[in-house]
């Protein structure tokens, strides 16, 4: 059994497709002891390059790094829609009330930032001019900033939006309905793809098995959500229902969604060259697994 570490920026329900596979023994069946470690997105890229972790789970950071010339690629996607929600206090009834105010998110270069910019533009706001984006870290910190008035709104993931709505906060926008933008996936270095194809194929087989099982084992998945995230049964079921349509069916995401992330992450700065799909994604091992090889 080979222990493999996969880094993610925060504990998040987007981890469920992988966590379900871990809890169900789908990776162990492939000889992989897959474990999450929580790490800042920029540090995760460095840790992959140094070999301290095997993979990153934050697709936005991996795509962005690849676009800037760092030798990493996404080999499969898991969540292909932004499961983020723009939340505000009960007194905010019109998006125009956010003008000149701060909006909280996780960290720059993350899927949260992509979601924030996409959502604000949809509401008719210029994320570069009309608001100030603040990198506040985990959802608990963002909620505290919203309660104290440091920010007027914040991008929040599942299930925080459900909890906050119950407390009287206003959900201004369900960002997942806007555009297909992958948020999570399996990112690896080009060197690892070349030197450890069998390991990556084993991880991908476990992932694809998890995708299939999640669609037919509703109660089991809800139980994994309930147990790992300390949610009441009814909320765990709500989360499952919201999560399922966002999960890739085959490990792929649309090219337009991928390139949206490349363009929007970190405000579209830092990439000064033409970027193609092949510069950021490598589906070759996924194709091999799906052919049964």
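The values are calculated or read from the model by the stated rules, or taken from the named source; none is laboratory data. What you are looking at is a predicted structure, and each value in this text was computed from that prediction instead of being measured. All Cβ positions, even for glycine, are placed from backbone atoms using ideal geometry, and neighbour counts span all protein chains on display.
Quick grid of which residues meet (1) over 24 Å from residue 22 (Cα atoms); (2) at pLDDT 90 or above; (3) in contact with a strand residue (DSSP E or B) (Cβ under 9 Å, 6 or more places away or on another chain):
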| residue | (1), (2), (3) |
| --- | --- |
| 228 | no, yes, no |
| 231 | no, yes, no |
| 239 | no, yes, no |
| 243 | no, yes, yes |
| 253 | no, yes, yes |
| 270 | yes, no, no |
| 273 | yes, no, no |
| 290 | no, yes, no |
(message) Only one of 96, 33, 52 is surrounded by fewer than 19 Cβ atoms within 10 Å (Cβ to Cβ) and either under 28 Å from residue 240 (Cβ atoms) or within 15 Å of the chain's Cα centre (by Cα) (or both). Can you tell me which?
(response) 33
(request) Within the stretch 14-29, identify whether any single residue is in a strand (DSSP E or B), crowded, with 23+ Cβ neighbours inside 10 Å, in contact with a helix residue (DSSP H, G or I) (Cβ under 8 Å, 6 or more places away or on another chain) and touching a residue at least 60 places away in the same chain (Cβ under 8 Å), and answer yes or no. (result) no
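Would it be correct to say that residue 204 is in contact with a strand residue (DSSP E or B) (Cβ under 7 Å, 6 or more places away or on another chain), in contact (Cβ under 8 Å) with a residue 24 or more places away in the chain and crowded, with 17+ Cβ neighbours inside 10 Å?
For residue 204, the condition - in contact with a strand residue (DSSP E or B) (Cβ under 7 Å, 6 or more places away or on another chain), in contact (Cβ under 8 Å) with a residue 24 or more places away in the chain and crowded, with 17+ Cβ neighbours inside 10 Å - is met.
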(request) Those residues that are out of contact with any helix residue (DSSP H, G or I) (no Cβ under 7 Å at 6 or more places or on another chain) and either outside the structural domain of residue 102 (by TED's automatic domain parsing) or crowded, with 21+ Cβ neighbours inside 10 Å (or both), I need them from the stretch 144-163; list them, please. (result) 146, 161
(request) Would you check if residue 209 is at pLDDT 90 or above and either buried (at least 19 other Cβ atoms within 10 Å of the Cβ) or closer than 26 Å to residue 2 by Cβ (or both)? (result) yes
(request) Can you tell me which residue within the stretch 51-63, out of those that are at pLDDT 95 or above and outside any loop (DSSP other than H, G, I, E, B), is nearest to residue 191 (Cα to Cα)? (result) 55
(request) Would you mind telling me which numbered condition in (1) surrounded by 16 or more Cβ atoms within 10 Å (Cβ to Cβ); (2) in the same structural domain as residue 244 (by TED's automatic domain parsing); (3) modelled with pLDDT under 95 residue 38 fails? (result) (1)
(message) So, in the stretch 103-133, how many residues would count as being part of a strand (DSSP E or B) and surrounded by 18 or more Cβ atoms within 10 Å (Cβ to Cβ)?
(response) 4
